[in-house]
Amino acid sequence: MNTKRAYFKCIDCLTAFAVENIDSKILIKCACGGRAELMGHVIQDRLVKTELRVPCDDRCTNAQGPSCNCQCGGEHHGTGRLVEVHTSMNGDLVAQVSKAESIERGKMWRALVDAAMKRVEVRFGDALVDYRANRRIPREVYFEIRNTLNSISKIKSMRVYKSRIEAIMRVAC
């Protein structure tokens, strides 16, 4: 029996879970309601992420001249093509979390993000409305709003649950 197992990670609760025999291009939802992103497929005993990219680097693949000094030995030189690259993911996936805990983690994360955004709205008021509408605001206020929203965006991209919760709590509380 040749089953294809894919691992996904929820972007809200950061729970990893496996799905058998599924097309990884469809939208997968976690038990908490968050969207899941593909971590990779299991091939033999390894987690492997497959993606399309240039086989060498842009300097070789998109080169105009005849000289090639990279590992492909001229095979991909100037072709401009993308190939399927398999990257072996090292390390453990993550600790398994129960469905109930996953739902609770997702609710807590979304509540803290909402609280952080409400705090930003209260702090900046009409200046935030003007910022979002691309209207002129004082320079200092502009940069303060931009830096605050960028820090929230960086927190959202963090992939370790405990660190992410601690960081968003500093902004939300």
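Every number here is computed from the coordinates shown, using simple stated rules; none is lab data. Fair warning: this is a prediction, and the values are worked out from it, not measured in the lab. Glycine also receives a Cβ, built like all others from the backbone with ideal geometry; neighbour counts cover every protein chain displayed.
A Förster radius of 41 Å combined with the Cβ-Cβ distance from residue 26 to residue 119 puts the calculated FRET efficiency at roughly 0.70.
Nearest 10 degrees, 0 to 90: what angle lies between the long axis of helix 161-172 and the longest principal axis of the chain (Cα atoms)? Its long axis makes an angle of about 30 degrees.
Does region 99-172 come out rounded, prolate or oblate by the C-alpha gyration tensor, with a ≥ b ≥ c the root eigenvalues, rounded set by a/c under 1.5 and, if not, prolate when a/b is larger than b/c and oblate if not? It is prolate, given that a/c is not under 1.5 and a/b is the larger ratio.
Given axes a ≥ b ≥ c from the Cα gyration tensor, I'd like to know whether region 5-89 is rounded (a/c under 1.5), prolate (a/b larger than b/c) or oblate. Walk me through the numbers on the way to the answer.
Working: a/c = 3.61, a/b = 2.67, b/c = 1.35.
Cα axes put region 5-89 in the prolate bin.
Checked against a 19 Å cut-off, the cross-linked pairs 4/107; 9/49; 118/156; 4/49 give Cα-Cα distances beyond that limit for 4/107.
Matching the structure-derived P(r) over Cα pairs in 10 Å bins from 0, in percent against the labelled list [x] 7, 23, 25, 20, 13, 8, 3, 0; [y] 9, 35, 33, 17, 6, 0; [z] 9, 24, 22, 22, 18, 4, 0 gives the label [z]. So what is the calculated 222 nm ellipticity per residue for the chain, using -39500 (n - 2.57) for each DSSP H run with n of 4 or more, over all residues, to the nearest 500 deg cm²/dmol? Helix contribution divided over all residues of the chain: -12500 deg cm²/dmol. Specify the angular offset, from 0 to 90 degrees and rounded to the nearest 10, of the alpha carbon long axis of helix 139-157 from the longest principal axis of the alpha carbons in the chain. Helix 139-157 sits roughly 50 degrees off the main axis of the chain.
For the chain, the longest principal axis of the alpha carbon atoms and the long axis of helix 99-124 meet at an angle near 60°. Length gained on full extension, residue 43 to residue 100: 17.6 nm, using 0.36 nm per residue less the C-alpha separation. Of all the stretches in the chain, which is the longest one without any exposed loop site, taking trypsin sites (Lys or Arg not before Pro) in a DSSP loop (any state but H, G, I, E, B) with at most 12 other Cβ atoms within 10 Å? The reported range is 26-80.
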